[in-house]
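Some notes on the structure that comes next.
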RNA sequence: GCCCAGGUGGUGGAAUUGGUAGACACGCAGGACUUAAAAUCCUGUGGGCAGUAAUGUCCGUGCGGGUUCAAGUCCCGCCCUGGGUACCA
């Protein structure tokens, strides 16, 4: 019987679904929660890169199942978001419709791969039954504040009681910068609206005027992690800084816990580092500089020891004190500069990072220790929203201050000496002795730093401070396809709609574009009002709202009364293994941790880290062919669709290369993107080569898993994706290699068949066969547990090659082998298992145990080396002592011959590894 | 600039705590079967030199040093590729 994967796969796909084989319920077994980052269901379906992580998590889930765990392995769709909406704008179709179609397509593709998802738990973030609870969590955030004393979130009612009792003088909680100090008496005297406005400054979900990333093209604000180098990540449109009234989440309140929590989770180092850098903790000192008795400017520095090197102060152009500082003579220049800065886009600011600009305010500050006059400047290299928006410039020891001082010919005072003269370049290292610094001269950097920090505090000129780079997360988007806020406005003040009225569903509207007045699309729903009277919030929540807690909802997806049932939550707990791409390091993964900590604070969940272990699967890249035509056109040709040459122009400046004289080397030098290209052929008309690129339509290198399954079957696809290389690594896809694993599966299949019939014997296995089996069990177990799936595949190949050579048809050997391979190739294994055990599924069997004594050798093939270079191998029994081994070695003819005329210095015998003889020649 | 990964044959990649570099595949070459092709099976396959051959010998894990009986693996200094971040004081 030939291996007919189509028949087998269709049969079992159907059967598994009928039997609800992958449905998970609470039982007495130990739990294991394996999760994949749920996909956004795009219109173009899956390519072979997408399922890589799903296959890996599936193998691990099935392995855990075989090891006796109760495994939760759900899947769903992150279905709110921009692409569906953009598509809706273009075609006028409701995003719900396209989202549904796309997710159905994804689902069927995923099922074809044989993934053991419990589809009864499927969730979609755009489903009102799901976003009801996203809105509910938002309400919790709105109704909470962060108490620094208890270092946790508390209900806002606690804060109200405190205000009624003592005002806010002794309240230590993160709040908006412009929050005034008030007494209990004042609090009580205020109107409802005033009180609400104050409370808003403390809430964890709050509305405020803040600097936001505004993307004109997308018509919405974006969070910091959605912007890169001044462009939106989605679409690559320019982003500018704008002050707007927006919803934000006070993630900064959790900065310290988000940082320290990293120590107790098993995540890739690179993601942890990215989160650390993103949170950006830096401790320093806030120092007040007096301005000629009028004002005080607060500056933040991490290098207080350089205080005597301060030769000017710089304020950000947006700094609020500028108007009062600016002298009459400078006013015009200053205002002009401020205007210029306000018109600069984020992109301009970044691209002109090396150009130095600024203006003198005309005012002078007084140095707190030397009492010298220090000019106060403004410049856009100082950011308004970090620290205090003002710095003390130490040009000798900071490269930006140095450039500024050079340009405007300001004084440069070196205060750290390490034998380096600050002349053309500043000295940035933190090594050396303090000089030119009055009473701290001669001190080390750390001593001086401490001394100044303490002095500043004593003299009431400042205080120690820890600053974070992390900003509060802008939480509103001026878009349609997202969760509506459960918020309405009464007298311009936001109020929440009651829990019983959730979900607040998205109204249908006739166009998904912003209104003529520039309001978000939801403003088009004219009759969409609370109690027909109060307008709802017109913004929607960002894409990451739904994904910040979906892993909790999988535990109890149908619950209409609670966001999750406590008993179920207690059983399943947090995610044991989370597999997904590294691109979510500072977005989704940070927000999920934040929401988890928040829910933990409210005792709604019992864990404060969502994902115990994370593995980032590497991207699968595609091979693209390109043809460069000497007469002026550059084309990409699909490598994987050789027979249907498709071409497209890409950007090439033909003037870069001399016509008709083009040689590969010169061509390579002229086009950086082809540095890694392989050149296949050239003549006077064209050059043709291959490059490795991301899989993308524009490179014509997309490989569809459906095509692979059609030709080789899902088991081959699964096995090949694992065989390509280490899970975490970026690696190119090359379909040619799949014949290797396909042949392996056929060989495996043939072990069970003879003369076209299923055939196994009940004979007892030989020593050699036992050795093969038990070593394989050991190796597979070990490699699965270390996520080394590529070496698992080699191990299977080696085992099958050996068993084939031994002509093994013994059930005692082959049956356990089915179980071992079943996480990788579930279909073919289920089929073979069914022939032996017709009443059960291999999925519900038990992972075999190995006996180490069956594969440990009692003779070892020792490599024997002379001076570290291997000369020969010798079989030596492993129960001999060193003297006995030496005897055997010296009696070997070849060794004797080599040693003739030399003296042996020493002999090194590493048991079970190597023997090395060190000689003098 | 700074932070994090990584660099091994023609290709993807193997190599537990330093211990036979190149497992396993792809590709390629040769052979078997076939009228032929495909499929399948068998053999060989890091490079150089010597030899009809068995074999011998030297060089080989980005580059240059070092530690060690022994280095792909550890240490120091570079180069390159990929990812993150970017006036964060």
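The values are calculated or read from the model by the stated rules, or taken from the named source; none is laboratory data. Everything quoted here is computed from the prediction, not taken from an experiment. Neighbour counts run over all protein chains shown; Cβ positions are idealised from the backbone, glycine included.
Exactly one residue out of A:178, A:194 is out of contact with any helix residue (DSSP H, G or I) (no Cβ under 6 Å at 6 or more places or on another chain) and surrounded by 11 or more Cβ atoms within 10 Å (Cβ to Cβ): that is A:194. Considering the conditions (1) in contact (Cβ under 8 Å) with a residue 24 or more places away in the chain; (2) more than 9 Å from RNA strand B (Cβ to nearest atom), residue A:263 is excluded by exactly one of them, (1). Among helices (runs of 4 or more DSSP H) entirely within the range A:50-155, having at least 3 residues that are under 30 Å from residue A:219 (Cβ atoms) and touching a residue at least 24 places away in the same chain (Cβ under 8 Å) singles out A:82-91, A:95-112, A:128-142.
Scanning the range A:266-293 for residues that are within 14 Å of RNA strand B (Cβ to nearest atom) and assigned to a loop (DSSP other than H, G, I, E, B) yields A:267, A:268, A:280. Being within 10 Å of RNA strand B (Cβ to nearest atom), crowded, with 19+ Cβ neighbours inside 10 Å and in contact (Cβ under 8 Å) with a residue 40 or more places away in the chain, is that true of even one residue in the range A:241-250? Looking for residues that are within 10 Å of RNA strand B (Cβ to nearest atom), crowded, with 19+ Cβ neighbours inside 10 Å and in contact (Cβ under 8 Å) with a residue 40 or more places away in the chain, one finds none in the range A:241-250, hence no. If the condition is being near RNA strand B (Cβ under 9 Å from one of its atoms) and either under 20 Å from residue A:859 (Cβ atoms) or exposed (fewer than 13 other Cβ atoms within 10 Å of the Cβ) (or both), then the range A:895-906 contributes A:905, A:906.
Can we say residue A:308 is touching a residue at least 24 places away in the same chain (Cβ under 8 Å), surrounded by 16 or more Cβ atoms within 10 Å (Cβ to Cβ), more than 9 Å from RNA strand B (Cβ to nearest atom) and part of a helix (DSSP H, G or I)? Taking the combined requirement at face value, the residue satisfies it.
Of the set (1) more than 8 Å from RNA strand B (Cβ to nearest atom); (2) crowded, with 18+ Cβ neighbours inside 10 Å; (3) at positive phi, all apply to residue A:387 but (1). Applying the set (1) under 18 Å from residue A:493 (Cα atoms); (2) surrounded by 11 or more Cβ atoms within 10 Å (Cβ to Cβ) to residue A:151 leaves exactly one unmet item: (1).
Can you tell me how many residues in the range A:207-235 are assigned to a helix (DSSP H, G or I) and in contact with a strand residue (DSSP E or B) (Cβ under 8 Å, 6 or more places away or on another chain)?
Of the residues in the range A:207-235, 2 are assigned to a helix (DSSP H, G or I) and in contact with a strand residue (DSSP E or B) (Cβ under 8 Å, 6 or more places away or on another chain).
Flag set for residue A:727, criterion: touching a helix residue (DSSP H, G or I) at 6+ places or on another chain (Cβ under 6 Å), part of a loop (DSSP other than H, G, I, E, B) and in contact (Cβ under 8 Å) with a residue 60 or more places away in the chain. For residue A:809, are the conditions met, namely being closer than 25 Å to residue A:12 by Cα, surrounded by 13 or more Cβ atoms within 10 Å (Cβ to Cβ), in contact (Cβ under 8 Å) with a residue 24 or more places away in the chain and touching a strand residue (DSSP E or B) at 6+ places or on another chain (Cβ under 7 Å)? Taking the combined requirement at face value, the residue satisfies it. Of all the criteria given as (1) assigned to a helix (DSSP H, G or I); (2) farther than 24 Å from residue A:371 by Cα, the one not satisfied by residue A:421 is (1). Only one of the numbered conditions (1) farther than 30 Å from residue A:612 by Cα; (2) at pLDDT 90 or above; (3) away from RNA strand B (no atom under 11 Å from the Cβ) is violated by residue A:320, and that is (2). For residue A:12, the conditions (1) touching a residue at least 60 places away in the same chain (Cβ under 8 Å); (2) under 28 Å from residue A:731 (Cβ atoms); (3) in a helix (DSSP H, G or I) all hold with the exception of (2).
In the range A:432-466, the qualifying residues are those that are out of contact with any strand residue (DSSP E or B) (no Cβ under 8 Å at 6 or more places or on another chain) and assigned to a loop (DSSP other than H, G, I, E, B), and the one that is surrounded by the most Cβ atoms within 10 Å (Cβ to Cβ) is A:437.
Check whether at least one residue in the range A:855-864 is within 13 Å of RNA strand B (Cβ to nearest atom) and touching a helix residue (DSSP H, G or I) at 6+ places or on another chain (Cβ under 6 Å), and report yes or no. Yes, the range A:855-864 has at least one match.
Only one entry of A:576, A:556 meets the criterion of being surrounded by fewer than 19 Cβ atoms within 10 Å (Cβ to Cβ) and closer than 30 Å to residue A:70 by Cα, and that entry is A:556. More than 21 Å from residue A:258 (Cβ to Cβ), under 36 Å from the mean Cα position of the chain (by Cα) and modelled with pLDDT under 95: which single residue out of A:183, A:220 fits that description? Answer to the check: A:220. Of the residues examined, residue A:161 is one that is in a helix (DSSP H, G or I) and free of Cβ contacts under 8 Å to residues at least 24 places away in the same chain. Residues in the range A:269-293 that are modelled with pLDDT under 90, farther than 20 Å from residue A:394 by Cβ and touching a helix residue (DSSP H, G or I) at 6+ places or on another chain (Cβ under 7 Å): A:270 alone. Kindly indicate which of A:765, A:726, A:732 is modelled with pLDDT under 90 and either within 11 Å of RNA strand B (Cβ to nearest atom) or in contact with a strand residue (DSSP E or B) (Cβ under 7 Å, 6 or more places away or on another chain) (or both). From the options A:765, A:726, A:732, the qualifying one is A:732. I'm checking my understanding of the structure. Among residues of the range A:206-220 that are in contact (Cβ under 8 Å) with a residue 40 or more places away in the chain and within 16 Å of RNA strand B (Cβ to nearest atom), which one is nearest to residue A:139 (Cα to Cα)? Among those that are in contact (Cβ under 8 Å) with a residue 40 or more places away in the chain and within 16 Å of RNA strand B (Cβ to nearest atom), it is A:210.
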